[in-house]
Amino acid sequence: MGNSCPNKPQLTHLNQISSLEKGEQGRYCMYMHVIDRTSPLYCLNANLRKASRAILSMYMDEMRESGIQGTQFTLLSTISGFGKAKITDLANFMGMDQTTVTRNINVLKKDGYVVAIPGEDKRTRLVELTPKGEQVVQQTYPMWLEAQTKLWDQLGEEKAAAFLQMAQEIVEISENRIQT
């Protein structure tokens, strides 16, 4: 990858951004100054979504040969971890709404990666991987791991761990907002 920004004092702390200039390859580079948290330029949501798209692109570059999307791999590997799972449990674990998980499960069922089976009572349905689903998870995992390792190594141990901690804190803030 490498840095596409010219050699100028780069951002070292988020409170140091002073200017935004277009660098190589059309990417914008942030330079030292104080952040104006009232400016849309520093919107946490917009910047998180931008980072999310960048991360997704990196993972998809590595996983392209698998034939499945990164979101499908995440759902399939989560089901694999559960063994058999209720849609509500998957939705809660992944921080998604049930409707979205159900829609994604239906696509995976159509593709032959999962099946729905009866649960403990007639109202409950469980999903589990088919042999084809297990195979695609096993084949895709090394590709996912390559993407994970590359990004983790580029960020470094400290930043990667801090990112995961911050992401968890944001999830908790959101859950507390919903509960109150």
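Please tell me if Ser52 is in a helix (DSSP H, G or I), assigned by TED's automatic domain parsing to the domain that holds Arg125 and at pLDDT below 95. Yes, satisfied.
Can you find, within region 129-169, the residue that is farthest from Phe82 (Cα to Cα) among those that are among the aliphatic types (A, V, I, L, M) and either buried (at least 16 other Cβ atoms within 10 Å of the Cβ) or touching a residue at least 12 places away in the same chain (Cβ under 8 Å) (or both)? Steps first, please.
First pass over region 129-169, keeping only residues among the aliphatic types (A, V, I, L, M): 129, 136-137, 143, 145, 147, 151, 155, 160-162, 164, 166-167.
Checking which are either buried (at least 16 other Cβ atoms within 10 Å of the Cβ) or touching a residue at least 12 places away in the same chain (Cβ under 8 Å) (or both) leaves us with 129, 136-137, 143, 147, 151.
Working: Leu129: 10, Val136: 16, Val137: 14, Met143: 21, Ala147: 23, Leu151: 26 Å.
The extreme case among them is Leu151.
In this entry, Glu146 passes the filter for residues that are in contact with a helix residue (DSSP H, G or I) (Cβ under 6 Å, 6 or more places away or on another chain) and of a type in the set (D, E, K, R).
The values are calculated or read from the model by the stated rules, or taken from the named source; none is laboratory data. These figures come from a predicted structure and were not determined experimentally. When we count neighbours, we look across all protein chains shown, and the Cβ atoms used for this are built from the backbone with ideal geometry, even at glycine.
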